[in-house]
Amino acid sequence: MNDSATAQLNDSKTIFGFWVYLMTDCILFASLFATFAVLHNNTYGGASTHEIVKLPYVLAQTVILLTSSFTCGLGLLAARRGDKNRVIDWFGITFLLGLAFLVLEINEFSQLVYEGNSWRASGFLSSFFTLVGTHGLHITAGLLWMVAMIIRIGRLGLNGVNIRRLTCLALFWHFLDIVWIFIFSLVYLLGVV
Amino acid sequence: MDNQPQSGQPSTASYISGFILSLELTLAAYILAARHILSHQQLVATIVGLAIAQLLAQLVFFLHLGRESKPRWNLAVFAFMTIVLVILVFGSLWIMYNLNYHAGPHVTDTSIIKDEGISH
């Protein structure tokens, strides 16, 4: 096999391997969702979802994250075209949107803790913070990865390795938005109906 | 330099379609929930349905699932994951709701003691 075909084969193996990891991450989130489903009524006399959910706020988070997933996709397309500057532009925007999402989430969490509705207050709140917090930690990791990739590509340009890693990052970012769809729908929206 | 992943040939149109569709599904679910349209049962079913629809939209338009050339390993692993997921979620809910878990501390203890044949 020549070098280019070997490289491509190795790339598709890596990307597939990363996809399998994402599938295991789905199982992780599924177990956190199942736990939340069991505990969501265990409010121990404290706040329930009705009291802690602010709908317009979470809609803003959702639209921001969805848009970041979109711009991430556009960034990957730019990488396929070999357009280094557009890659940095799009992933830069994706990063800013992701950061905005995270800031909103940290603000929401701080507010809850300040009010006395921390993860220690009830089974419901424990499972809420664990589920939503785990997603937030994934987002944080993704943002750190994104900064590293932007710097790498800025310095070294678009090569096979960088494009492969960017592909994995994009898969990761899209996956996080998909998990958020379910947090938004099942935790927040169903929490107020 | 062409570096195609297993997932085929994505295009800008794919991402734009996915984005707009997801936005519409998000807003639909949001408006239904915020304005309490439909009865409780219908609302729950509809919101879950909209979430699944958006999942599919993003799987196809953002992750290009199912658009890869054969053998479709990504799709196969995804299918297996959903089987495990359904067993895990449905199984947990079934087990937990089968206990008199939410009946309150005294009832739960009494029924567990009775079930287990524990004598004081």
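Please treat every number below as a calculation from the coordinates, not as lab data. Computed from a predicted structure; not experimentally measured. Heads up, the Cβs are rebuilt from the backbone with ideal geometry, glycines too, and the neighbour counts pull from every protein chain shown.
Look through the range A:8-21, keep the residues that are more than 8 Å from chain B (Cβ to nearest Cβ) and in contact (Cβ under 8 Å) with a residue 12 or more places away in the chain, and return whichever of them is surrounded by the most Cβ atoms within 10 Å (Cβ to Cβ).
Within the range A:8-21, the match that is surrounded by the most Cβ atoms within 10 Å (Cβ to Cβ) is A:PHE18.
Which is in contact with a helix residue (DSSP H, G or I) (Cβ under 7 Å, 6 or more places away or on another chain) and in a helix (DSSP H, G or I), of A:LEU158, A:LEU137, A:LEU171, A:LEU144?
Values: A:LEU158 fails: in a helix (DSSP H, G or I); A:LEU137 fails: in contact with a helix residue (DSSP H, G or I) (Cβ under 7 Å, 6 or more places away or on another chain); A:LEU144 fails: in contact with a helix residue (DSSP H, G or I) (Cβ under 7 Å, 6 or more places away or on another chain).
Exactly one of A:LEU158, A:LEU137, A:LEU171, A:LEU144 is in contact with a helix residue (DSSP H, G or I) (Cβ under 7 Å, 6 or more places away or on another chain) and in a helix (DSSP H, G or I), namely A:LEU171.
For the condition surrounded by fewer than 17 Cβ atoms within 10 Å (Cβ to Cβ) and assigned to a helix (DSSP H, G or I), what is the one hit in A:THR62, A:THR24, A:THR67, A:THR71? Spell out how you get there, then give the answer.
Details: A:THR62 fails: surrounded by fewer than 17 Cβ atoms within 10 Å (Cβ to Cβ); A:THR67 fails: surrounded by fewer than 17 Cβ atoms within 10 Å (Cβ to Cβ); A:THR71 fails: surrounded by fewer than 17 Cβ atoms within 10 Å (Cβ to Cβ).
When all the criteria are applied, what remains is A:THR24.
From A:ILE178, A:ILE183, A:ILE139, grab the single residue that is in contact with a His (Cβ under 7 Å, 6 or more places away or on another chain), closer than 30 Å to B:VAL44 by Cβ and among the aliphatic types (A, V, I, L, M).
A:ILE183
Would you check if there is a residue in the range A:48-55 being farther than 27 Å from B:MET96 by Cα, surrounded by 13 or more Cβ atoms within 10 Å (Cβ to Cβ) and of a type outside the set (Lys, Arg)?
Yes.
Every residue, every condition in (1) within 25 Å of A:TYR44 (Cβ to Cβ); (2) more than 10 Å from chain B (Cβ to nearest Cβ); (3) of a type in the set (Asp, Glu), yes or no:
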residue	(1), (2), (3)
A:LEU144	no, yes, no
A:ILE150	no, yes, no
A:GLY154	no, yes, no
A:ALA170	no, no, no
A:TRP173	no, no, no
A:LEU186	yes, no, no
A:LEU189	yes, no, no
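Scan the range B:56-77 and report the pairs whose first residue is more than 10 Å from chain A (Cβ to nearest Cβ) and without any contact (Cβ under 8 Å) to a residue 40 or more places away in the chain and whose second residue is assigned to a helix (DSSP H, G or I) and surrounded by 14 or more Cβ atoms within 10 Å (Cβ to Cβ), with Cβ atoms within less than 7 Å and a gap of 6+ or a chain change.
B:GLY66/B:VAL60; B:GLY66/B:LEU75
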